[in-house]
1. Could you tell me which residue of segment 203-223 is surrounded by the fewest Cβ atoms within 10 Å (Cβ to Cβ), considering only residues that are in a helix (DSSP H, G or I) and touching a residue at least 40 places away in the same chain (Cβ under 8 Å)?
2. Give me the pairs: first residue in segment 51-62 and closer than 14 Å to residue 99 by Cα, second residue assigned to a strand (DSSP E or B) and of a type in the set (A, V, I, L, M), beta-carbon distance under 7 Å, and six or more apart or on different chains, which are they?
3. Any chance you could count how many residues in segment 257-274 are under 24 Å from the mean Cα position of the chain (by Cα) and free of Cβ contacts under 8 Å to residues at least 40 places away in the same chain?
4. When you check residue 130 against the structure, is it surrounded by fewer than 24 Cβ atoms within 10 Å (Cβ to Cβ), without any contact (Cβ under 8 Å) to a residue 24 or more places away in the chain, polar (S, T, N, Q) and not in a strand (DSSP E or B), yes or no?
5. When residue 313 is evaluated against the numbered criteria (1) of a type in the set (A, V, I, L, M); (2) in contact (Cβ under 8 Å) with a residue 12 or more places away in the chain; (3) surrounded by fewer than 24 Cβ atoms within 10 Å (Cβ to Cβ), which criterion, by number, is the only one it fails?
6. Of all residues in segment 263-283, which are part of a loop (DSSP other than H, G, I, E, B) and of a type outside the set (A, V, I, L, M)?
7. Give the number of residues within segment 376-413 that are basic (Lys, Arg) and over 25 Å from residue 318 (Cα atoms).
8. Could you look through segment 146-170, keep only residues that are of a type in the set (A, V, I, L, M) and either without any contact (Cβ under 8 Å) to a residue 12 or more places away in the chain or more than 19 Å from residue 101 (Cα to Cα) (or both), and pick out the one that is surrounded by the most Cβ atoms within 10 Å (Cβ to Cβ)?
Amino acid sequence: MDAWASAQKQLSDLAAFLKIDKALYEKLSSPEKILTAKLKIKMDSGKEQEFEAYRVQYNGSLGPYKGGIRFHPEESLNTIKALAFWMTWKCAVAGLPFGGAKGGIKCDPKKLSPGELERLCRAYVRAFWQNLGQDKDVPAPDVGTSAREMAWMLDEYEKLTSSHQPGFVTGKPIVLGGSKGREQATGRGVAYVVAEAAKFLKIDLRKSTAAVQGFGNVGFWSAKLLNKLFGVKIVAISDSKGGIYSEKGIDIDALEQWKAKTGSVVGFQGTKQISNEELLTCNCDILVPAALENQITPEIAKKLKCKILAEAANGPTLPEADPIIEQRGIFLIPDILCNSGGVTVSYLEWVQNRTGYYWEEEEVHQKLQKVISSAFANVLKEKINNNIPMRLAAYVAAAHRLLDAVLARGQNA
């Protein structure tokens with residue numbers, strides 16, 4: 001099942017539970033706008049190359065569209081549609097005044113030079129700029145992009161609009177109006193929400209272990225902050241080249257230096273190499289899938305040994321695996337709640353850009369923790385009151401805001 005089919009299944013489950021009428025269901029089941037372009041840029045070799053680009057604006061009932069831009073060699077419109085769908089519900093569950101969007105370019109950023117990447121970023125903005133802006137649609141970094149790419153995009157947008165527009169994009173460098181605490185925000189949000197779940201489950205995090213799939217921005221900060229803030233021992237980590245395991249625990253800062261030097265976590269001193277499946281099914285209290293979609297299959301779900309499954313990635317669990325996870329009593333923190341820390345601090349960055357007043361890092365962390373804790377409490381309340389799984393509970397909590405906004409606008413007529 002692809003990501004878009006997974007998203008549609010989740011909406012179908014919500015519609016059945018809330019008895020959403022046909023007209024409203026149809027409105028929620030497809031994006032409001034799909035933008036595509038073929039970007040032609042000059043490569044360093046002097047040859048011209050074409051890249052497919054997308055921007056999907058899913059639902060803007062709660063505010064301007066909001067969502068990252070991914071650079072990935074297997075990017076597809078269906079994946080972008082699913083991610084835009086999840087962003088819509090993520091903003092709603094976190095209580096943010098944003099709609100959901102997502103963008104992407106089908107490319108392998110690891111095979112492009114900085115010059116080629118910059119030309120690609122600027123071409124993306126030129127293709128879609130009239131549909132973007134702080135009151136229309138606010139991009140951010142995602143898989144394969146970072147503050148550097150956002151800076152290039154901001155610069156191109158400001159040239160096209162002949163104006164200073166720091167609120168056009170979030171996740172940009174601090175010197176250009178970025179927020180302190182943004183780089184670590186998604187991983188910090190994961191750590192905060194795991195702490196809330198542990199409190200509810202009466203699990204002592206100082207005696208707990210975690211395995212983290214993925215060692216990009218989200219995986220790194222999730223692992224580092226679970227350990228640093230709450231004393232969780234990280235026993236397994238992986239990247240695209242393989243996984244490592246150590247019962248004694250892994251030093252995340254030392255591992256980061258090792259990966260910078262060697263290009264992979266594999267071979268880190270004091271660890272043994274493990275497969276992706278071995279990481280997902282290893283003995284741990286907390287499993288954090290922080291890579292790509294469709295990692296937890298029904299087969300994997302049957303072998304999970306964790307107590308908490310914290311979905312730091314978007315759509316890491318196939319719908320067919322959800323009933324197995326629920327039946328086995330594993331506490332799921334669904335993606336639209338678990339990884340909402342990034343968009344929450346993006347919102348705080350957008351607010352700072354609009355007011356021209358910037359907060360210190362500690363204040364950003366406090367505001368993030370307040371939003372995450374409140375969102376978790378709302379979802380947990382729906383789970384307990386309705387006796388439903390956490391994923392459905394997250395959608396029900398989000399639906400209270402999103403459906404009210406849609407209906408208030410009369411868009412279901």
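The values are calculated or read from the model by the stated rules, or taken from the named source; none is laboratory data. All figures in this text were calculated on a predicted structure; none of them were measured in a lab. Counting neighbours? That spans all protein chains shown, and the Cβs are built from the backbone with ideal geometry, glycine included.
1. Looking at the filtered set, the residue picked out is 217.
2. From residues that are closer than 14 Å to residue 99 by Cα, the pairs are 55/35; 55/101; 56/34; 56/101; 57/101; 58/101.
3. Qualifying residue count for the region: 3.
4. yes
5. Single failed check for residue 313: (3).
6. Within segment 263-283, 263, 264, 267, 268, 269, 270, 271, 275, 281, 282, 283 meet the criteria.
7. Qualifying residue count, segment 376-413: 2.
8. 151
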